[in-house]
Amino acid sequence: MWAQRWMWIAWPAFLVAAVLEMIVFAMVDPSDLHWFGQPLEMSRQAVYTMAFFVFWVVTMVSSSLTALLSMSPFEVNRCPVPLEERPRDCAKNGSCS
């Protein structure tokens, strides 16, 4: 289940990051970029690579939030410990298993 959910998050985020990379760098030249008033001391390929991973992480966060919000209350609130192995302070009724 978690592997499937991970792919629901990572694959669409990868595709969106690739599209963002193409759109941004079709309009921006990496050699013209500055960081705190100083030109970047990285090659174009390094800028492309870092930007891709930043785009990918940001879109994965967005996809993760969507996956989290799509979970039912039962999935979010269930107790992962089997009924007989639960500590005293964990609910003993069968509603959270």
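The values are calculated or read from the model by the stated rules, or taken from the named source; none is laboratory data. As the structure is a computational prediction, the values presented were derived from the model and not from experiment. Cβ atoms come from the backbone with ideal geometry, glycine included; neighbour counts cover every protein chain shown. The accessibility values were calculated without ligands, DNA or RNA, using every heavy atom of the protein model including side chains. Shrake-Rupley method; radii C 1.70, N 1.55, O 1.52, S 1.80 Å.
Brief remarks on what is shown
- FRET efficiency for the SER72 to ALA18 pair, using the beta carbon distance and R₀ = 25 Å, is estimated at 0.20.
- Linear extension gain, PHE25 paired with THR49, 0.36 nm per residue minus alpha-carbon span: 7.5 nm
- Given charges at Cβ of Lys, Arg, Asp, Glu: the chain dipole, positive-most of THR59, GLN45, VAL19: THR59
- In a simple Cβ point-charge model (Lys, Arg +1; Asp, Glu -1; nothing else charged), the chain has a dipole of about 440 debye relative to its Cα centre.
- At the residue level, LEU40 shows approximately 60 square angstrom of accessible surface with a 1.4 angstrom probe and all protein chains present.
- Helix 2-27 vs. the chain, principal-axis angle (Cα, 0 to 90°, nearest 10): 20
- Normalised per residue, the accessible area of the chain is 78 Å², obtained with a 1.4 Å probe and no contribution from ligands, DNA or RNA.
- Loop chymotrypsin sites (Phe, Trp or Tyr not before Pro), region 1-89 (other Cβ atoms within 10 Å of the site Cβ: 14 or fewer; DSSP): PHE36
- Angle of helix 44-69 to the longest C-alpha principal axis of the chain, folded into 0 to 90 degrees and rounded to 10: 30°.
- The listed residues MET27, MET22, MET42, MET50, once ranked by accessible area (1.4 Å probe) with the largest placed first, stand as MET27, MET22, MET50, MET42.
- Mean residue ellipticity (222 nm) of the chain, computed from DSSP H runs ≥ 4 via -39,500 (n - 2.57), nearest 500: -20000 deg cm²/dmol
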